[in-house]
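First comes the structure, then the notes that go with it.
The values are calculated or read from the model by the stated rules, or taken from the named source; none is laboratory data. Fair warning: this is a prediction, and the values are worked out from it, not measured in the lab. All Cβ positions, glycine included, derive from the backbone under ideal geometry; neighbour counts span all protein chains shown.
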Amino acid sequence: MFNPKTSGNLAFFVGTLLLTILPMQVCAGNLVSAKYITSEGQKIVMELRIQSPAPNTVIVIQHLPKGTGIMRSDPRFDKYNPKRCEAKWLLKKVKPGTFRISMEITGSVKAGDVRGEVRYKDPSTGRMSKIYVSP
Amino acid sequence: MVKIDGDKVRKFRESLELTQLYLATAVGVTTDTISRWENRRYPTIKKENALKLAEALDVSLEEILKNHEAESQEEGIKEEQQETDDVDENRLARIFTIRPLSVLTLVCVVIISGALWWSFFGHETINIRAHRFLPPHVAPGLPFPVIISVETDHVGSLSLILRESVPQECTPIEGDPAFTAIDEKTGDLKWIYQTDMQKITFCYLATINPGAGLEKELQFEGTVTVRKGRSTTTPIKGPNTLRLSPLHWADANGDKKIDDEEILTVYDELGKMKDINFGIEQIEDIWSGNGYRWDEKTKKFVVMP
C-alpha cells in the first residue's frame, strides 16, 4: 500500500544517493580537461590537463571560422580539412600533466568564433569520450 | 611339548639365587611366563624352552619334568595353549603382526585421504581471463595484427602456455613476445611464458595467403593454460572470425575511412605492440586523408588525399 511517509523517505534516500554518485561519475570521466588560454586575435592557445591514468592517445580538434587558415602551430597539426576549417592533432603516448597547443591563424578571430573538441578513449572502459572546449 | 614341574623350577631357581628375569632372558620369554610356569603345577611348554630352562638352572631336563616323565605327546596341546608360552607368542604375534598391520592400514588411509584432498582442494584455484583482439576483416596478402590479453588475479610467479590455432590460409609473420613454437603442419602458435605480472599481452602479425577468396570467413581459436600446481585451461574469448574483404583491418565499420574512434582504437590496442610494425604510417595517412580504395592490380590500398 502507498504510504506517503515511507515514500517520502525513499525519495529522499534515492535523491541523496544520486547527488552523491553523479558527481563521482563526472569526476571519474574527467581524465582530460581543456580550456583556452588565448582565443582572440591571431593566436590561439589551448591548454589540456591530463590526469592519471592517462589515455594512450588523444585527438584535439580545433574548429575555426570559415575562410580562416592556420599559418603555423606547435605541435604541428596532423590533419587539416579546409572545407570544414578544422585542424586535428593526434597526440600519442600522452602522459599526465599539462599540455599546450598553440597556433597562429590567418586573419583575426573573436573569442566566440573558435571552439575545440577533445576525443580520447577511457583506458579503464575503452569507451570513447568527447569534451567540448569553448572560450 | 613337555610338562614341567613348576614347583621344582622355582626351587632350583631360588637355590641358585637366580631371578625370574635372568631365567626369562636365558630362555627367551617374559618374566610373566616364568612366573606362570612356577605358579602352575604342571605347565606344558615347548621342549626347546624346557631344555633352555634346564640349562639355565644347571640341571638335566628330566629333573624339571613332571615326575621325571618323558615328554608328553601332542595331545592336549590345543587346550593347553592358553596356559603355555604359546599364549605369549600369540600376544607377541598380535603386537608385531596385527598392530603394525593396523598402523600401516591407518597410515595408508591417511596418505590416500591427504592425496585426494590435495588433488581436489590443496591447490590454489587461479582465475584467468583471456581476450582476443581480432580485426573484423582483412585484405588477403596484407599483414594484420592479433592481440591476446591475458589477465589473472594471481599474485606472484606464474607459468602459462598460450595456444592459438590459426586458419590454414593464415601465415604468422612475427610475435611479441616471440613465438615459442609454430607447428609446421598446422601453423598453430604456442607461447610458453613465465611472468609475475597480472596482465600480459601477446601480439602477433600475420597475413592471409593472397590467393584466398574474398568474403571467406576464417576462424581463430585458442586456449591459455596456467600451471601452478594443478593446470587450469581457459578458452580465449572475444572475436574469433575474420572475414576476407578489400577493406583495411583498422576500418572497423567498413566505410573506407579511418575515423577518430578507429585510430584511437588502433593506438589503444596496438600501442602494446612495441616491436612490431603493423603499418601505422598508412593508417595515419588514411586518417589524415579522405579515405582509401583497394587497388586490385597491386593488391594494396591507395590513400585518397
| Is it fair to say A:Glu47 is among the acidic types (Asp, Glu) and in contact (Cβ under 8 Å) with a residue 60 or more places away in the chain? | no
| Restricted to region B:276-290, and to residues that are within 56 Å of the chain's Cα centre (by Cα) and part of a loop (DSSP other than H, G, I, E, B), which residue is surrounded by the most Cβ atoms within 10 Å (Cβ to Cβ)? | B:Gly279
| How many residues, within region B:168-187, are acidic (Asp, Glu) and over 18 Å from B:Ser149 (Cα atoms)? | 3
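Residues checked against (1) within 12 Å of chain A (Cβ to nearest Cβ); (2) touching a residue at least 40 places away in the same chain (Cβ under 8 Å):
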position: B:Pro246; (1), (2): no, yes
position: B:Ala250; (1), (2): no, yes
position: B:Asn253; (1), (2): no, no
position: B:Glu261; (1), (2): yes, no
position: B:Asp268; (1), (2): yes, no
position: B:Gly271; (1), (2): yes, no
position: B:Phe278; (1), (2): no, yes
position: B:Ser288; (1), (2): yes, no
position: B:Arg293; (1), (2): no, no
| request: Could you tell me which residue of region A:34-59 is farthest from the chain's Cα centre (by Cα), considering only residues that are part of a strand (DSSP E or B) and within 14 Å of A:Lys93 (Cα to Cα)? | output: A:Thr57
| message | Regarding region B:265-275, can at least one residue be identified that is in a strand (DSSP E or B) and within 38 Å of the chain's Cα centre (by Cα)? | response | no
| said: Checking B:Tyr193 against (1) farther than 21 Å from B:Ile280 by Cβ; (2) in contact (Cβ under 8 Å) with a residue 60 or more places away in the chain, only one condition comes out false. Which one? | reply: (2)
| query | When you look at A:Arg76, is it within 19 Å of B:Tyr267 (Cβ to Cβ), outside any strand (DSSP E or B), within 14 Å of chain B (Cβ to nearest Cβ) and over 16 Å from the mean Cα position of the chain (by Cα), yes or no? | reply | yes
| request: Identify, from the list B:Leu218, B:Leu270, B:Leu244, B:Leu264, the residue that is out of contact with any Cys (no Cβ under 8 Å at 6 or more places or on another chain), within 25 Å of B:Pro177 (Cα to Cα) and surrounded by 13 or more Cβ atoms within 10 Å (Cβ to Cβ). | output: B:Leu264
| request: Check region B:222-230 and report whether any residue there is over 34 Å from the mean Cα position of the chain (by Cα) and surrounded by 15 or more Cβ atoms within 10 Å (Cβ to Cβ). | output: no
| query | Do we have A:Asp122 as in contact (Cβ under 8 Å) with a residue 40 or more places away in the chain, closer than 28 Å to B:Ile283 by Cα, among the charged types (D, E, K, R) and touching a strand residue (DSSP E or B) at 6+ places or on another chain (Cβ under 8 Å) here? | reply | yes
| request: Could you please give the count of residues in region B:188-214 that are over 30 Å from the mean Cα position of the chain (by Cα) and either on the phi > 0 side of the Ramachandran plot or outside any loop (DSSP other than H, G, I, E, B) (or both)? | output: 6
| Scope region A:97-135; condition closer than 26 Å to B:Thr265 by Cβ, more than 11 Å from chain B (Cβ to nearest Cβ) and surrounded by 12 or more Cβ atoms within 10 Å (Cβ to Cβ); matching residues | A:Phe99, A:Ile101, A:Arg115, A:Gly116, A:Ile131, A:Val133
| message | Exactly one of these conditions fails for B:Ser245: (1) at pLDDT 90 or above; (2) at positive phi. Give me its number. | response | (2)
| query | Can you tell me which residue in region A:47-62 is farthest from B:Leu270 (Cα to Cα), limited to those that are within 14 Å of another protein chain (Cβ to nearest Cβ) and in contact with a strand residue (DSSP E or B) (Cβ under 6 Å, 6 or more places away or on another chain)? | reply | A:Gln62
| remark: Within region B:31-45, the residues that are surrounded by 15 or more Cβ atoms within 10 Å (Cβ to Cβ) and polar (S, T, N, Q) are B:Thr33, B:Ser35, B:Thr44
| If we scan region B:204-212, do we find a residue that is surrounded by 14 or more Cβ atoms within 10 Å (Cβ to Cβ) and within 19 Å of B:Thr234 (Cα to Cα)? | no
